[in-house]
Amino acid sequence: MTDSIVIYTDGGCDPNPGPGGWAALILQDGQKTELMGADPDTTNNRMELTAAIRALRSLKAPSTVTLYTDSQYLQKGIDEWMSGWLARNWKASTGKPVLNQDLWKELLEAKKPHKVTWQWVKGHAGNVYNTRVDALVHQARQTLK
């Protein structure tokens, strides 16, 4: 494993569903790397998942990662709900198929080489890195206009 890496991610749509953007800020070895992208027809949750997937896939070597997200859906999904989903063969506690299953599966693959700690951070609460990825999400969505 390489040195510790810190990642901040965000995703969103306006309206939801609708045009969306995702962004990630990677802090590694004193360097900042920003990633972002857009999708013309998506949801907030899909963009949150995409941001984490793209950030983890961008890492060049197996790493120890602390990933910060303002999405409780992402953080709770990976830390709390995933074991139940897998035990029930991708069914939610309601018995219905897990939403965004394709992206959850991609996320599981993307995180495999890494040791990831998932941290929730309150959105729009003054955290400079969370504020930055939120701005990048808005910038990414502007590319769709």
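If I build a Gaussian network model for the chain, linking alpha-carbon pairs within less than 10 angstrom, which residue out of G30, G123, G18 has the largest mean-square fluctuation? Per the Cα network of the chain with a 10 Å cutoff, G30 tops the list. Bridging of K105 to aspartates and glutamates at a Cα separation below 20 Å is possible for D10, D39, E48, D79, E80, once same-chain residues fewer than 8 apart are set aside. By accessible area, using a 1.4 Å probe on protein heavy atoms only, the chain has 49% of its surface on carbon and sulfur. Per residue, the chain exposes 53 Å² of solvent-accessible protein surface, assessed with a 1.4 angstrom probe and all protein chains in place. Over all other residues within a Cβ to Cβ distance under 14 Å of E109, the charged ones net out to +3, with Lys and Arg as +1 and Asp and Glu as -1. For the pair T64 and W120, a Förster radius of 22 Å applied to the C-beta separation gives a FRET efficiency near 0.75, rounded to the nearest 0.05. Evaluated at q = 0.21, 0.22 Å⁻¹, the base-10 log of the normalised Debye intensity for the chain, with identical point scatterers placed on the Cα atoms, takes the values -1.31, -1.40. Adding -39500 (n - 2.57) for every DSSP H run of four residues or longer, then dividing by how many residues the chain holds, sets the calculated 222 nm ellipticity at -10500 deg cm²/dmol.
When all protein chains stay in place and ligands, DNA and RNA are ignored, the 1.4 Å accessible-area order of Y73, Y129, largest first, is Y129, Y73. Considering only alpha-carbon pairs that sit under 8 angstrom and 6 or more positions apart, the relative contact order computed for the chain is 33 percent.
The values are calculated or read from the model by the stated rules, or taken from the named source; none is laboratory data. Just so it is clear, the structure is predicted and the values come from calculations on it, not from any experiment. Because the Cβ atoms are built from the backbone with ideal geometry, glycine has one as well, and the counts that use them run over all protein chains shown. Surface areas here come from the heavy atoms of the whole protein model, side chains and all, with no ligands, DNA or RNA. Shrake-Rupley method; radii C 1.70, N 1.55, O 1.52, S 1.80 Å.
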